[in-house]
Amino acid sequence: MFLKTLLTFAVICAVYVWYRTQKAKQADYDAKIQGRLIAVETAKNAWLRPLLYGIVALSVVAGLSMYYFSWRDDNTQYQVTITNPQSGVTETFIALKKDMRGRLFITQSGREIWTSDLERIDIKKLSSGSN
């Protein structure tokens, strides 16, 4: 939520700066056309442009980070064990988190598995070397 607010603030600031520069260019053009001098110069804040570039860069980095961590979370492997309580038969599959939806999941080999309400599902995260 904070990143959405930060992104909105960055867009508003960028539009504000763009509007000010366009307005200054128009005032300068009008003054040259009419042959008048501008009595009051527009304030030039040297800190505003680097601040806005920093906010935009921070927003881009935050967005890319959120996308990467979401992708990494969705591609986490889980071991899914299905146990039939009537026969006692146990089957084990490996599936990605993004491929698990309720009682339906798709294995890494592409098999689509639907389970009944009677079957017990155990899901265990597989450990990887980098996590």
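If the only charges are +1 at each Lys and Arg Cβ and -1 at each Asp and Glu Cβ, what is the size of the charge dipole of the chain around the Cα centre, to the nearest 20 debye?
On the way: 17 positive and 11 negative charges, 137 e Å.
With Lys and Arg at +1 and Asp and Glu at -1, about 660 debye.
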- Here the tail fraction of P(r) beyond 17 Å, over all Cα-Cα pairs of the chain, rounds in percent to 73
- Could you give the spread of the C-alpha atoms of the stretch 76-125 along their three principal axes, from largest to smallest, in whole angstroms? 30, 17, 16
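Return the subset of 4/25; 98/125; 97/125; 4/125; 4/44 for which the Cα-Cα distance in this structure is over 20 Å, preserving the input order. Working shown, then result.
Values: 4/25 32 Å; 98/125 13 Å; 97/125 9 Å; 4/125 30 Å; 4/44 29 Å.
The pairs that break the limit, which is 20 Å between Cα atoms, are 4/25; 4/125; 4/44.
Let me check against my output: what whole-number percent is the relative contact order of the stretch 76-125, with C-alpha pairs under 8 Å and at least 6 apart? Please list the in-between numbers first.
Values: 84 pairs, mean separation 21.3, N = 50.
43 percent.
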- Query: With each label point set 7 Å from Cα along the Cα-Cβ vector, what nm distance links residue 83 and residue 17?
  - Reply: 6.0
- Query: Rounded to the nearest 500, what is the chain's calculated 222 nm mean residue ellipticity when only DSSP H runs of at least 4 contribute -39500 (n - 2.57) each, over all residues?
  - Reply: -16500 deg cm²/dmol
- Between residue 26 and residue 5, the FRET efficiency computed from the C-beta separation at R0 = 30 Å comes out, to the nearest 0.05, as 0.40
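Computed from the coordinates by the stated procedures, all read-outs in this text should not be read as laboratory data. Remember, it's a predicted structure, so these values are computed and weren't measured experimentally. A quick note on method: Cβ atoms are made from the backbone with ideal geometry, for glycine too, and the neighbour counts reach across all protein chains shown.
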